[in-house]
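Comments concern the structure below.
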């Protein structure tokens with residue numbers, strides 16, 4: 001009997017904020033030391049610090065520069081997504097060109113500046129898709145109502161319908177994951193991110209039933225959450241096959257990243 005294939009854990013959702021350190025280099029070194037203890041092979045980082053909900057073009061550049069600096073000694077362990085803002089479309093596309101075309105980044109991060117069902121996002125989505133970049137959209141479902149520009153999974157479904165050939169990732173699965181899973185279920189180009197919410201039982205099991213393992217991606221939301229608490233969602237899931245676990249912990253993310261890694265000459269096994 002052969003041993004099962006090893007779990008290559010790739011973390012979709014990491015931030016520099018929430019960790020102490022004088023520089024991006026100090027911060028990422030601390031995070032990677034913790035990742036080593038948890039057996040995490042690679043991590044995606046985006047957004048610098050302090051986080052800004054509606055960043056100006058200069059602020060986008062400053063925060064993206066922090067991530068680029070953090071990655072500078074860790075290309076074998078970490079990769080980055082460019083932070084963009086649909087309230088500044090031209091500046092966002094310029095950042096995609098600077099950070100992806102001429103820099104080390106492989107995806108884009110959209111946060112809470114403008115709801116993602118707005119057509120203003122379309123040029124940004126098209127620019128990212130043309131580069132095979134991974135597209136990550138923060139979503140939440142707040143009982144008292146979202147922030148003015150904060151997207152819900154419903155908004156992402158509208159965006160996905162306008163771009164049916166473009167893979168999209170639903171950040172946090174809306175926080176209220178039972179509703180979020182159901183909302184995105186009929187949108188096959190949307191994958192969900194496990195990161196950020198409390199590690200309550202049943203999240204992964206429901207997602208497997210409703211979406212299938214190929215649409216579920218592990219993320220931690222470090223440093224807002226811990227690696228361990230978010231890994232627990234997957235580790236504690238009942239009746240999860242070894243194959244499904246490997247997909248969720250890294251296989252699905254590597255599949256989404258494979259086209260841009262290949263286009264940029266980046267190795268997935270380095």
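The values are calculated or read from the model by the stated rules, or taken from the named source; none is laboratory data. On a predicted model such as this, the values are computed, not experimentally measured, just so you know. Cβ placement follows ideal geometry from the backbone for every residue including glycine, while neighbour counts extend to all protein chains displayed.
Scanning segment 238-255 for residues that are assigned to a loop (DSSP other than H, G, I, E, B), in contact with a helix residue (DSSP H, G or I) (Cβ under 6 Å, 6 or more places away or on another chain) and modelled with pLDDT of 95 or more turns up nothing. Only one of the numbered conditions (1) in contact with a helix residue (DSSP H, G or I) (Cβ under 7 Å, 6 or more places away or on another chain); (2) in a helix (DSSP H, G or I) is not met by residue 55, and that is (2).
Entry remark, segment 176-213: residues being farther than 17 Å from residue 247 by Cα and either part of a helix (DSSP H, G or I) or within 16 Å of the chain's Cα centre (by Cα) (or both) number 10 in total. Quick one: would you say residue 141 is buried (at least 20 other Cβ atoms within 10 Å of the Cβ), touching a strand residue (DSSP E or B) at 6+ places or on another chain (Cβ under 6 Å) and within 20 Å of residue 219 (Cβ to Cβ)? Considered against the rule, which asks whether it is buried (at least 20 other Cβ atoms within 10 Å of the Cβ), touching a strand residue (DSSP E or B) at 6+ places or on another chain (Cβ under 6 Å) and within 20 Å of residue 219 (Cβ to Cβ), residue 141 comes out as no.
Listed conditions (1) over 24 Å from residue 75 (Cβ atoms); (2) in a helix (DSSP H, G or I); (3) more than 15 Å from the chain's Cα centre (by Cα) are all met by residue 173, apart from (3).
As for segment 31-52, it holds at least one residue that is on the phi > 0 side of the Ramachandran plot, in contact (Cβ under 8 Å) with a residue 12 or more places away in the chain and either surrounded by 20 or more Cβ atoms within 10 Å (Cβ to Cβ) or assigned to a helix (DSSP H, G or I) (or both).
Residue 233 fulfils the conditions (1) over 15 Å from the mean Cα position of the chain (by Cα); (2) surrounded by fewer than 20 Cβ atoms within 10 Å (Cβ to Cβ); (3) under 26 Å from residue 18 (Cα atoms) except for a single criterion, (2).
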